[in-house]
Amino acid sequence: MTSTPTAAQQHLNDLARLRRVRDRMDREHAQPLDVEALARGVGMSAGHLSRQFRQAYGESPYAYLMTRRIERAMALLRRGDLSVTEVCFAVGCSSLGTFSTRFTELVGVSPSVYRRQAVSASGMAGMPSCVTKQVTRPVRNREAPARSRT
(Lines give C-alpha, C1' and ligand atoms only; values in the text may rest on other atoms or scores of the structure.)
Protein backbone atom coordinates (compact mmCIF):
# COMPACT_ATOMS: atom_id res chain seq x y z
CA MET A 1 0.00 0.00 0.00
CA THR A 2 1.46 3.37 -1.02
CA SER A 3 0.76 6.40 1.06
CA THR A 4 0.27 9.80 -0.45
CA PRO A 5 1.58 12.82 1.39
CA THR A 6 -0.89 14.86 3.35
CA ALA A 7 -1.50 18.48 2.38
CA ALA A 8 0.68 19.61 5.28
CA GLN A 9 3.52 17.29 4.24
CA GLN A 10 3.26 18.45 0.64
CA HIS A 11 3.38 22.08 1.76
CA LEU A 12 6.54 21.41 3.78
CA ASN A 13 8.09 19.60 0.81
CA ASP A 14 7.25 22.57 -1.45
CA LEU A 15 8.79 25.01 1.04
CA ALA A 16 11.99 22.97 1.16
CA ARG A 17 12.17 23.00 -2.65
CA LEU A 18 11.53 26.75 -2.70
CA ARG A 19 14.40 27.28 -0.25
CA ARG A 20 16.65 25.27 -2.56
CA VAL A 21 15.62 27.51 -5.47
CA ARG A 22 16.23 30.67 -3.44
CA ASP A 23 19.61 29.37 -2.24
CA ARG A 24 20.58 28.56 -5.83
CA MET A 25 19.69 32.09 -6.93
CA ASP A 26 21.76 33.49 -4.06
CA ARG A 27 24.76 31.35 -5.05
CA GLU A 28 24.48 31.52 -8.82
CA HIS A 29 23.03 35.01 -9.35
CA ALA A 30 25.64 35.80 -12.00
CA GLN A 31 24.73 32.72 -14.07
CA PRO A 32 21.97 32.71 -16.68
CA LEU A 33 18.97 31.50 -14.68
CA ASP A 34 15.38 31.26 -15.81
CA VAL A 35 12.25 30.02 -14.07
CA GLU A 36 12.02 26.91 -16.26
CA ALA A 37 15.56 25.80 -15.36
CA LEU A 38 15.03 26.57 -11.68
CA ALA A 39 11.76 24.63 -11.68
CA ARG A 40 13.31 21.65 -13.45
CA GLY A 41 16.04 21.58 -10.82
CA VAL A 42 13.49 20.93 -8.06
CA GLY A 43 10.97 18.87 -10.00
CA MET A 44 8.24 21.50 -10.29
CA SER A 45 6.52 23.13 -13.22
CA ALA A 46 7.50 26.73 -13.93
CA GLY A 47 3.99 27.97 -13.20
CA HIS A 48 3.76 26.12 -9.90
CA LEU A 49 7.21 27.35 -8.86
CA SER A 50 6.31 30.96 -9.68
CA ARG A 51 3.01 30.82 -7.78
CA GLN A 52 4.48 29.07 -4.75
CA PHE A 53 7.57 31.31 -4.66
CA ARG A 54 5.43 34.47 -4.76
CA GLN A 55 3.19 33.11 -2.02
CA ALA A 56 6.16 32.17 0.20
CA TYR A 57 8.43 35.17 -0.41
CA GLY A 58 6.13 37.95 -1.60
CA GLU A 59 7.74 38.39 -5.01
CA SER A 60 8.37 36.47 -8.19
CA PRO A 61 11.53 34.41 -8.66
CA TYR A 62 12.67 36.93 -11.31
CA ALA A 63 12.21 39.89 -8.94
CA TYR A 64 14.12 38.06 -6.21
CA LEU A 65 16.97 37.23 -8.58
CA MET A 66 17.18 40.81 -9.82
CA THR A 67 17.32 42.08 -6.23
CA ARG A 68 20.26 39.75 -5.53
CA ARG A 69 21.98 41.00 -8.69
CA ILE A 70 21.39 44.63 -7.76
CA GLU A 71 22.80 44.04 -4.25
CA ARG A 72 25.96 42.61 -5.77
CA ALA A 73 26.09 45.43 -8.31
CA MET A 74 25.93 47.98 -5.50
CA ALA A 75 28.95 46.39 -3.85
CA LEU A 76 30.90 46.37 -7.13
CA LEU A 77 29.95 49.97 -7.90
CA ARG A 78 31.09 51.09 -4.42
CA ARG A 79 34.54 49.67 -5.19
CA GLY A 80 34.75 52.11 -8.08
CA ASP A 81 37.13 50.12 -10.29
CA LEU A 82 34.54 48.82 -12.79
CA SER A 83 32.34 50.67 -15.25
CA VAL A 84 28.55 50.36 -15.03
CA THR A 85 28.59 48.14 -18.13
CA GLU A 86 31.23 45.84 -16.63
CA VAL A 87 29.20 45.59 -13.41
CA CYS A 88 26.02 44.85 -15.37
CA PHE A 89 27.58 41.83 -17.04
CA ALA A 90 29.52 40.74 -13.93
CA VAL A 91 26.28 40.29 -11.96
CA GLY A 92 24.61 38.24 -14.68
CA CYS A 93 22.49 40.80 -16.51
CA SER A 94 22.56 40.62 -20.28
CA SER A 95 20.84 43.95 -20.95
CA LEU A 96 22.29 47.23 -19.74
CA GLY A 97 18.90 48.90 -20.18
CA THR A 98 17.05 46.36 -18.02
CA PHE A 99 19.83 46.46 -15.43
CA SER A 100 19.75 50.27 -15.24
CA THR A 101 15.96 50.38 -15.05
CA ARG A 102 15.73 47.80 -12.26
CA PHE A 103 18.67 49.34 -10.39
CA THR A 104 16.97 52.75 -10.46
CA GLU A 105 13.65 51.23 -9.32
CA LEU A 106 15.27 49.53 -6.33
CA VAL A 107 17.92 52.03 -5.32
CA GLY A 108 16.32 55.33 -6.34
CA VAL A 109 19.22 56.56 -8.48
CA SER A 110 20.82 55.28 -11.66
CA PRO A 111 23.88 53.01 -11.43
CA SER A 112 26.19 55.76 -12.70
CA VAL A 113 24.91 58.25 -10.12
CA TYR A 114 25.18 55.61 -7.39
CA ARG A 115 28.76 54.83 -8.42
CA ARG A 116 29.70 58.51 -8.46
CA GLN A 117 28.13 59.10 -5.03
CA ALA A 118 29.64 55.95 -3.53
CA VAL A 119 33.13 56.69 -4.78
CA SER A 120 33.02 60.24 -3.46
CA ALA A 121 31.38 59.33 -0.13
CA SER A 122 33.78 58.81 2.69
CA GLY A 123 31.14 57.97 5.30
CA MET A 124 31.48 54.23 4.73
CA ALA A 125 35.26 54.14 4.67
CA GLY A 126 36.48 51.59 7.18
CA MET A 127 32.98 50.22 7.78
CA PRO A 128 32.86 46.42 7.85
CA SER A 129 31.43 45.00 4.63
CA CYS A 130 28.63 43.19 6.49
CA VAL A 131 27.44 46.53 7.92
CA THR A 132 27.82 48.31 4.58
CA LYS A 133 25.72 45.62 2.90
CA GLN A 134 22.93 46.03 5.44
CA VAL A 135 22.96 49.83 5.32
CA THR A 136 22.94 49.95 1.52
CA ARG A 137 20.55 47.04 0.89
CA PRO A 138 18.17 47.89 -1.95
CA VAL A 139 14.48 48.19 -1.29
CA ARG A 140 12.32 45.57 -2.96
CA ASN A 141 9.03 45.84 -4.82
CA ARG A 142 9.60 49.29 -6.28
CA GLU A 143 9.72 50.94 -2.86
CA ALA A 144 12.59 53.31 -3.53
CA PRO A 145 11.76 56.69 -2.07
CA ALA A 146 10.44 59.18 -4.57
CA ARG A 147 12.91 61.98 -5.22
CA SER A 148 11.68 65.53 -5.21
CA ARG A 149 12.25 67.50 -8.39
CA THR A 150 13.35 70.74 -6.79
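Kirkwood-type hydrodynamic radius, the stretch 1-112: 15.3 Å, calculated from all non-identical alpha-carbon pairs.
Evaluating 6.51 cos²θ - 1.76 cosθ + 1.60 at θ = phi - 60° for every residue in the stretch 21-32, the Karplus couplings come out as 5, 4, 4, 5, 5, 5, 6, 10, 4, 7, 8, x Hz, glycine and proline recorded as x. Relative to the current alpha-carbon distance between residue 110 and residue 10, full extension at 0.36 nm per residue lengthens the span by 31.7 nm.
Please state the relative contact order of the stretch 13-114 as a whole percent: Cα pairs under 8 Å, 6+ residues apart? Relative CO of the stretch 13-114 lands at 23 percent.
Quick check: residue separation of residue 51 and residue 82 times 0.36 nm, minus the Cα distance between them. What number comes out in nm?
7.5 nm
Positive contributions from Lys and Arg (+1) and negative ones from Asp and Glu (-1), summed over other residues with Cβ under 11 Å from the Cβ of residue 56, come out at +3. Take the stretch 26-122 with all the other protein chains still there, run a 1.4 Å probe, and you get 48 Å² of accessible area per residue. Each other residue within a Cβ distance under 15 Å of residue 27 adds +1 if Lys or Arg and -1 if Asp or Glu, for a net charge of +3.
Taking a sphere under 15 Å around the Cβ of residue 16 and counting the other residues whose Cβ falls inside, with K and R at +1 and D and E at -1, yields a net charge of +3.
The values are calculated or read from the model by the stated rules, or taken from the named source; none is laboratory data. What you see is a predicted model, and the numbers here were worked out from it, not measured in a lab. Cβ atoms come from the backbone with ideal geometry, glycine included; neighbour counts cover every protein chain shown. Keep in mind that these areas ignore ligands, DNA and RNA; they rest on the heavy atoms of the full protein, side chains included. Shrake-Rupley method; radii C 1.70, N 1.55, O 1.52, S 1.80 Å.
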